[in-house]
1. Among what's in the stretch 105-132 and is in a loop (DSSP other than H, G, I, E, B), of a type in the set (Gly, Ala, Ser) and in contact (Cβ under 8 Å) with a residue 12 or more places away in the chain, pick the residue that is least open to solvent (accessible area, probe 1.4 Å).
2. State yes or no: is Ser244 at pLDDT below 90, hydroxyl-bearing (Ser, Thr, Tyr), farther than 27 Å from Arg425 by Cα and open to solvent by 40 Å² or more (accessible area, probe 1.4 Å)?
3. Go through the stretch 385-398 and give me each residue that's open to solvent by less than 60 Å² (accessible area, probe 1.4 Å) and within 23 Å of Asp367 (Cα to Cα).
4. Starting from the stretch 76-89, keep only residues that are more than 15 Å from Val18 (Cβ to Cβ), then list their pairs with residues that are among the hydroxyl-bearing types (Ser, Thr, Tyr) and open to solvent by 50 Å² or more (accessible area, probe 1.4 Å) whose Cβ atoms are within a distance under 9 Å, requiring at least 6 positions of separation or different chains.
5. So which residues in the stretch 371-393 are hydrophobic (A, V, I, L, M, F, W, C) and not in a helix (DSSP H, G or I), if there are any at all?
6. Looking only at residues that are in a loop (DSSP other than H, G, I, E, B) and in contact with a helix residue (DSSP H, G or I) (Cβ under 9 Å, 6 or more places away or on another chain) in the stretch 84-104, which one is nearest to Phe34 (Cα to Cα)?
7. Take the stretch 33-67 and flag every residue that is part of a loop (DSSP other than H, G, I, E, B) and over 13 Å from Val18 (Cα atoms).
8. Would you tally the residues in the stretch 313-336 being closer than 24 Å to His377 by Cα and either surrounded by fewer than 18 Cβ atoms within 10 Å (Cβ to Cβ) or basic (Lys, Arg) (or both)?
Amino acid sequence: MPTWRLRDFRDDDLDRAVQIWDQDRPADDSPPVFPVSEVMAAARTGGPAVVAVVGDDMVGMAVAQARGERAWITLVALAGKWRNRGIGSALIAELERRLRVQGVRRIGALLAPGATGTTALENSGYRTRAGLIFYEKVEHLGASDAGLLAELGGRVLRQGLWGALAGMQREKEAIEQRIVLPLAEPALADRYGVTPPKAVILFGPPGTGKTTFAKAVASRLEWPFVELFPSRLAAGAPGGLATSLRETFADLAELETVLLFIDEVEEIAGVRSGLAVDPGHGVTNELLKLIPGFRDHDDRLLICATNSVRSLDPAFLRPGRFDYVIPVGPPDPVARAAIWQRYLGPGADGVELHRLVAASEMFTPADIEFAARKGAHAAFEREVADRQGAPASTEDYLAAIADTRPTLTDQALTEFREDIEHYVRI
């Protein structure tokens, strides 16, 4: 019978090590405590790593990471036909010898019940610790991603943006049910046969909060947020806008997790004329080719926003490219009341909210925010002048409303209702 021997891990062992690790994974496909990328990086940078070989064939491997007097065994993996032959115990014993030389006094291991290495650890004198609970939080942005995210102009948004959304309850419920929950709970979604979305379109009049919703979704998922500005891509792009798009999507593919937001997407996905001289033809074609590749990756979401969904190229709107087409309309009275309450300053208890709601019927959330700030500033200027301590009043806010030109028009609302009938897919 062939005999095995132990030796140091070498860089050219990497492929075989990954094969053994992959064969050794539990049947339920649960993620390991220490991912293979972390284990192999430790092995290649000097962490104690030992392999067992038969002739030139690697049949087992063990890796540890040490910090002061504490060390963790991060991997014990064996090829199937070489288990239960004492190789695991020998690998652990060799790791222990090397760790003792480094001054390690306490060695631990985190393994799933029944995982490879469990028997070897018990045979080597390791004992389980009852009454412990393993906690873990995974950050979606690794160190290597941070620099690339900065280059793309992206960022990790602060938590709480979703909860801070005021009003717009119908839109919020639709976006939460269709987009947020399947992505936030993928295992549960898979159990019920729900496929998490990869790309969605938000459409509605200007100022209704499409960008705010996109940022809130990124905040809720704790995913990095990258906004792509078509006008900036076009400016100074040596190979043209299509080339700039392709290069940007290639960079995005390097991020492990990302929410990509494209506002005013009609600039790069408008209806094509069919003429070869159409300057937007090649750009739209390029974007149509890039979206399927983006969809191939997990933990990615593309949100496109447009003020005019009817101006988008029909090929762009096909179900295979976008999972949902969701309207984000003007706030109804209940939503306007919630938005006003958010922006009214301290001391606003005496403000007649119902009058502000009625007077701002054609206002978007952005219009309400502007009018609220304008009313508060009028009270501030009065206080600077006479020092009476009077807070902003109902009349201050009504004057601000009267002095604010609403974004919405009857024509815009008519077109929006028509677009809902023709384009919504929820």
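The values are calculated or read from the model by the stated rules, or taken from the named source; none is laboratory data. Remember, predicted model here, so these are calculated numbers, not experimental data. Cβ atoms come from the backbone with ideal geometry, glycine included; neighbour counts cover every protein chain shown. The protein model used for the area step is the full one, side chains on, heavy atoms only, and it has no ligands, DNA or RNA in it. Shrake-Rupley method; radii C 1.70, N 1.55, O 1.52, S 1.80 Å.
1. Here is the first cut: in the stretch 105-132, the ones in a loop (DSSP other than H, G, I, E, B) are 105, 110-117, 124-132.
Filter once more, keeping what is of a type in the set (Gly, Ala, Ser): 112, 114-115, 117, 124-125, 130-131.
Subsequent filtering for residues that are in contact (Cβ under 8 Å) with a residue 12 or more places away in the chain retains 112, 114-115, 117, 124.
On the way: Ala112: 50, Gly114: 76, Ala115: 34, Gly117: 9, Ser124: 41 Å².
Residue satisfying both the conditions and the ranking: Gly117.
2. Values: at pLDDT below 90: yes; hydroxyl-bearing (Ser, Thr, Tyr): yes; farther than 27 Å from Arg425 by Cα: yes; open to solvent by 40 Å² or more (accessible area, probe 1.4 Å): no.
It is false that Ser244 is at pLDDT below 90, hydroxyl-bearing (Ser, Thr, Tyr), farther than 27 Å from Arg425 by Cα and open to solvent by 40 Å² or more (accessible area, probe 1.4 Å).
3. Ala392, Ser393, Thr394, Asp396, Tyr397, Leu398
4. Arg83/Thr119; Asn84/Thr119; Gly88/Thr119; Ser89/Thr119
5. Going residue by residue through the stretch 371-393, those that are hydrophobic (A, V, I, L, M, F, W, C) are 371-372, 376, 378-380, 384-385, 390, 392.
Across the stretch 371-393, the qualifying residues are Ala390, Ala392.
6. Pass one, the stretch 84-104, residues in a loop (DSSP other than H, G, I, E, B): 84-86, 102-104.
Adding the requirement that they be in contact with a helix residue (DSSP H, G or I) (Cβ under 9 Å, 6 or more places away or on another chain) leaves 84, 86, 104.
Working: Asn84: 23, Gly86: 24, Val104: 20 Å.
Here the residue is Val104.
7. Here is the first cut: in the stretch 33-67, the residues part of a loop (DSSP other than H, G, I, E, B) are 33-35, 45-48, 55-56.
Once the filter is applied, which keeps residues that are part of a loop (DSSP other than H, G, I, E, B) and over 13 Å from Val18 (Cα atoms), the stretch 33-67 yields Val33, Phe34, Thr45, Gly46, Gly47, Pro48, Gly55, Asp56.
8. The qualifying residues number 1.
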